[in-house]
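Presented below is the structure to which this report refers.
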Amino acid sequence: MTKTVIFDLDGTLINSLEDLADATNYALQKHGFATHPIEKYRYFVGNGANKLVERALGESNTPENFTAVKADFNTYYDAHCFDKTHAYPGIPELLAWLAEQGIQTAVLSNKPHEFVVQIVKRLFAGHTFSVVLGNRAQFPTKPDPAQANYAIAQMNARKESCLFVGDSGVDMLTARNLHVPGIGVTWGFREETELVENGADFIARNAQELKKIIENA
């Protein structure tokens, strides 16, 4: 029986792609680098803000360029992270149902921690997550399971009753490294093939399917 569900944030609970793309393109353009269409950002995101900036810079990624672009990305994103970002359809209702069932929930993201806390607090004000964690210096990013193990310990949860939900291969590898079932959602930033190839135990195509998987897992 499922007692704990750990969620990725971007591409799983929220659609933040446009705001991430806008912030990166703003910083790139400010420093004279080429910008990218939004579809490319589906593959730039997923491994944290540093990797996002590195991928967007491409061959122009030097320490000096990275530092300058990352600083302006942070400033712009902090001011505009709610411009277009919103919860995916059915997610608030799913979280309400999980709370009714007494199932603990957590957020584990590779996005910088301060942004994760800010976004979750505003977009999910009606739901209490037991743990909310973004990327912090003391932990490696997903798919390393260290911070996920920390989250489980903080909740006094048991892995045998835990599920991990995400939209990317990184998330499915995190679930595998954590030794818990991974649920891949197809409404996010990556394709179903990536989820399957990286070990997804289940595939959910909408929030209702995700609810059924959690009910029966």
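The values are calculated or read from the model by the stated rules, or taken from the named source; none is laboratory data. All figures in this text were calculated on a predicted structure; none of them were measured in a lab. Heads up, the Cβs are rebuilt from the backbone with ideal geometry, glycines too, and the neighbour counts pull from every protein chain shown. Accessible surface areas use protein heavy atoms only, side chains included; no ligands, DNA or RNA. Shrake-Rupley method; radii C 1.70, N 1.55, O 1.52, S 1.80 Å.
Summary of values
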{"item": "Surface share of carbon and sulfur [accessible, 1.4 angstrom probe, percent] for segment 10-109", "result": "50 percent"}
{"item": "The chain: relative contact order in percent, alpha carbon pairs under 8 Å with at least 6 residues between", "result": "25 percent"}
{"item": "Crossing angle, helix 17-30 versus the chain [Cα axis fit, 0-90 degrees, rounded to tens]", "result": "20 degrees"}
{"item": "Estimated dipole of the chain in Debye, rounded to 20 [Cβ of Lys and Arg +1, of Asp and Glu -1, Cα centre]", "result": "440 debye"}
{"item": "Table column - 3J(HN,Hα) (Hz), segment 60-68, Karplus curve with 6.51, -1.76, 1.60, x for Gly and Pro", "result": "8, 6, 10, x, 5, 5, 4, 4, 5"}
{"item": "Arg158 versus Gln29: modelled label distance in nm, points set 7 Å from Cα along the beta carbon direction", "result": "5.4 nm"}
{"item": "Modelled FRET efficiency - R0 35 Å, Lys40 with Ser130, Cβ distances, 0.05 increments", "result": "0.50"}
{"item": "Proximal charge balance of Thr4 [Cβ under 11 Å; K/R count +1, D/E count -1]", "result": "+2"}
{"item": "Long-range amide H partners of Val132 with built H, under 5 Å", "result": "Val107"}
{"item": "His179-Ala217 pseudo-label distance in nm [points 7 Å out on the Cα-to-Cβ vector]", "result": "1.7 nm"}
{"item": "Amide proton proximity set for His86, modelled H, under 5 Å, gap of 5+", "result": "Asn15"}
{"item": "Derived scalar couplings ³J(HN,Hα) [segment 156-161; Karplus, 6.51 cos²θ - 1.76 cosθ + 1.60; whole Hz; x for Gly, Pro]", "result": "6, 8, 10, 4, 5, 10"}
{"item": "Protection-proxy order for peptides 179-190, 138-149, each taking the mean of Cβ atoms within 10 Å per residue, highest first", "result": "179-190, 138-149"}
{"item": "Average Cα contact separation per residue, segment 29-135, under 8 Å, 6 or more apart, as relative contact order %", "result": "25 percent"}
{"item": "Entries of Lys51/Lys212; Lys84/Lys159; Lys30/Lys211; Lys111/Lys159 with Cα pairs more than 32 Å apart", "result": "Lys51/Lys212; Lys84/Lys159; Lys30/Lys211"}
{"item": "Additional length obtainable on full extension of the chain from Thr193 to Glu100, 0.36 nm per residue less Cα span", "result": "30.2 nm"}
{"item": "Under the Karplus curve 6.51 cos²θ - 1.76 cosθ + 1.60, θ = phi - 60°, whole-Hz ³J(HN,Hα) for segment 136-143, x wherever Gly or Pro sits", "result": "10, 4, 7, 10, x, 6, 4, x"}
{"item": "Distance histogram in 10 Å bins (all Cα pairs of segment 53-115, percent per bin)", "result": "16, 32, 28, 16, 8, 0"}
{"item": "Amide hydrogen neighbours beyond the local backbone of Lys111, cut-off 5 Å, H modeled", "result": "Asn135"}
{"item": "Rounded to 10°, Cα long-axis angle of helix 169-178 versus longest principal axis of the chain", "result": "50 degrees"}
{"item": "Angle between the chain longest axis and helix 207-216 axis [Cα atoms, degrees, rounded to 10]", "result": "40 degrees"}
{"item": "Separation in nanometres of the label points that stand 7 Å from Cα toward Cβ, at Asn61 and Ala146", "result": "2.0 nm"}
